[in-house]
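Right, I'll just put the structure down here and ask away after.
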Amino acid sequence: MFKTLREDIKTALERDPAARNWLEVSLLYPGMHAIWIHRIAHFLWKRQARFLARTVSFFARAITGIEIHPGAKIGKRFFIDHGAGVVIGETAEIGNDVTIYQGVVLGGVSLKREKRHPTLRNKVVVGAGAIILGPVEIGEGSKIGAGSVVVTNIPPFTTAVGIPAKPAGRHTLSDNVDLNHHLVPDPIKRALEHLTKRIEDLEGKISSITDSPPNRELTAMGRKKTDRIQMRA
């Protein structure tokens, strides 16, 4: 248990430049408190103490502003930065070294008692205000742009942005967690640039055709045809 606590504190110090020391993280970081209390609630949930587990979860929400259902499965070194308004549903699954920011929702889209919440693989980063709905899978090392709404699977090592979110580019991932979630490609800008270049190429071809000297053979054939028409007339 103490090894896990030290690992959590170390994770916060590594991923938040505002964190100054272990005491500050331990006492003043609601994301840490929410995760620690969730572990207790999840322990009770797995042992069928469902009402008590929900009571513990409710207490965590009241003091942290973060709602994590006790049934959610969360891996190691999970970090919630700021955390206000974060909601994680019952059947959500979160891998190791995942980072999410404030306002993130891992929500469900079904009334059936089945897998209805997202799965986040290892080293995923989810930007502020992003919403991931349904039993979709976010591949390892992927980034979800702030404010995006994800309703389909996202491949590994892919940046997804938009409403609904679409893959906007791929990236490599080092051994460390990459928190540069502000480096988001713009697929609309890319499409417009491609369209503009295509139009310029077509205009150039049209201009070269209209500006070229007349074809002598075609001109001669046209004159002969005109002469024949005049003779018949």
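The values are calculated or read from the model by the stated rules, or taken from the named source; none is laboratory data. Because the structure is a prediction, the values reported are computed rather than measured. Please note: Cβ atoms are built from the backbone with ideal geometry, for glycine as well, and neighbour counts cover all protein chains shown.
The conditions are (1) under 9 Å from the mean Cα position of the chain (by Cα); (2) at pLDDT 90 or above, and PRO167 fails exactly one of them. Which is it?
Failing condition for PRO167: (2).
For ASN96, only one of the following conditions fails: (1) crowded, with 20+ Cβ neighbours inside 10 Å; (2) of a type in the set (S, T, N, Q); (3) part of a loop (DSSP other than H, G, I, E, B). What is its number?
With respect to (1) crowded, with 20+ Cβ neighbours inside 10 Å; (2) of a type in the set (S, T, N, Q); (3) part of a loop (DSSP other than H, G, I, E, B), ASN96 is out only on (1).
While we're looking at this one, here's another question. From LEU5, LEU44, which residue is outside any loop (DSSP other than H, G, I, E, B) and surrounded by fewer than 17 Cβ atoms within 10 Å (Cβ to Cβ)?
LEU5
Within the stretch 113-154, count every residue that is within 24 Å of ARG15 (Cα to Cα), surrounded by fewer than 20 Cβ atoms within 10 Å (Cβ to Cβ) and among the hydroxyl-bearing types (Ser, Thr, Tyr).
0
So if I check each of LEU27, LEU13, LEU106, which one is without any contact (Cβ under 8 Å) to a residue 12 or more places away in the chain, of a type in the set (A, V, I, L, M) and either in a helix (DSSP H, G or I) or under 20 Å from ILE144 (Cα atoms) (or both)?
LEU27
Would the stretch 69-81 turn up any residue that is closer than 27 Å to GLY134 by Cα and of a type in the set (Asp, Glu)?
Looking through the stretch 69-81, at least one residue is closer than 27 Å to GLY134 by Cα and of a type in the set (Asp, Glu).
Right, next: Within the stretch 170-181, does at least one residue satisfy the condition of being closer than 19 Å to ASN153 by Cβ, modelled with pLDDT of 70 or more and either touching a strand residue (DSSP E or B) at 6+ places or on another chain (Cβ under 6 Å) or of a type in the set (Gly, Ala, Ser) (or both)?
Yes - at least one qualifying residue is present in the stretch 170-181.
Does ALA49 fit the bill of being surrounded by fewer than 18 Cβ atoms within 10 Å (Cβ to Cβ), hydrophobic (A, V, I, L, M, F, W, C) and without any contact (Cβ under 8 Å) to a residue 24 or more places away in the chain? I'd like the intermediate steps shown before the answer.
Details: surrounded by fewer than 18 Cβ atoms within 10 Å (Cβ to Cβ): yes; hydrophobic (A, V, I, L, M, F, W, C): yes; without any contact (Cβ under 8 Å) to a residue 24 or more places away in the chain: yes.
Spelling it out, ALA49 is indeed surrounded by fewer than 18 Cβ atoms within 10 Å (Cβ to Cβ), hydrophobic (A, V, I, L, M, F, W, C) and without any contact (Cβ under 8 Å) to a residue 24 or more places away in the chain.
Here is a check on your reading of the model: is ALA128 within 8 Å of the chain's Cα centre (by Cα), modelled with pLDDT under 95 and small (Gly, Ala, Ser)?
Spelling it out, it is not the case that ALA128 is within 8 Å of the chain's Cα centre (by Cα), modelled with pLDDT under 95 and small (Gly, Ala, Ser).
Another question, then. Just to be sure I understand the filter: pairs with C-beta atoms under 7 Å, separated by 6 or more residues or on different chains, first member in the stretch 149-169 and closer than 12 Å to GLY127 by Cβ and hydroxyl-bearing (Ser, Thr, Tyr), second member at pLDDT below 90 and surrounded by fewer than 16 Cβ atoms within 10 Å (Cβ to Cβ). Which pairs pass?
THR159/HIS171; THR159/PRO185
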